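Following: one structure in structure tokens, then a few remarks.
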Amino acid sequence: MKRLTEEARASFEESKNEERQRIKTVVIDPTSHPDLAYDQLRLLVLQMKMLTQASGGADQLQKQVNPYHEDAELTLQVLKTLQHHEQSGSKP
């Protein structure tokens with residue numbers, strides 16, 4: 001029984017590793033597929049908008065930015081842009 005459990009576990013781990021390898025090989029080359037890269041960018045913008053709304057607004061997220069992170073300035077700029085769109089009623 002123990003041997004069967006170990007074999008099943010090993011088989012599961014092997015299939016999980018194979019799945020990870022398949023996922024890792026799917027990469028969008030923005031040079032070859034700028035349309036797919038743009039679609040991905042649009043999804044990211046929509047995700048940022050939804051996160052901002054769900055968290056209570058860009059100002060709430062701005063309070064969470066760690067100024068010591070290397071991307072803090074860029075993150076704040078993005079949040080300020082989202083906040084501007086929230087206030088103006090514009091669509092990103």
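The values are calculated or read from the model by the stated rules, or taken from the named source; none is laboratory data. This one's a predicted model, so the numbers in the text were calculated from it and none came from an experiment. Reconstructed Cβ throughout: ideal geometry from the backbone, glycine too, with neighbour counts over all protein chains shown.
Couple of notes before you dig in:
- Residues (farther than 22 Å from L41 by Cβ and among the small types (G, A, S)) located in the range 51-88: G56, G57
- Yes/no for E13 being part of a helix (DSSP H, G or I), modelled with pLDDT of 80 or more and surrounded by 10 or more Cβ atoms within 10 Å (Cβ to Cβ): yes
- Residue tally, condition among the polar types (S, T, N, Q) and under 12 Å from E86 (Cβ atoms), over the range 38-61: 4
- Subset of the range 42-58 that is out of contact with any Leu (no Cβ under 8 Å at 6 or more places or on another chain) and surrounded by 12 or more Cβ atoms within 10 Å (Cβ to Cβ) - its residue that is farthest from S88 (Cα to Cα): V45
- Applying a threshold of 6 Å to beta carbon distances and a minimum spacing of six or more residues, or different chains, the list of pairs starting in the range 56-77 at a residue that is part of a loop (DSSP other than H, G, I, E, B) and ending at one that is of a type in the set (G, A, S) and loosely packed, with under 14 Cβ neighbours inside 10 Å reads V65/A72.
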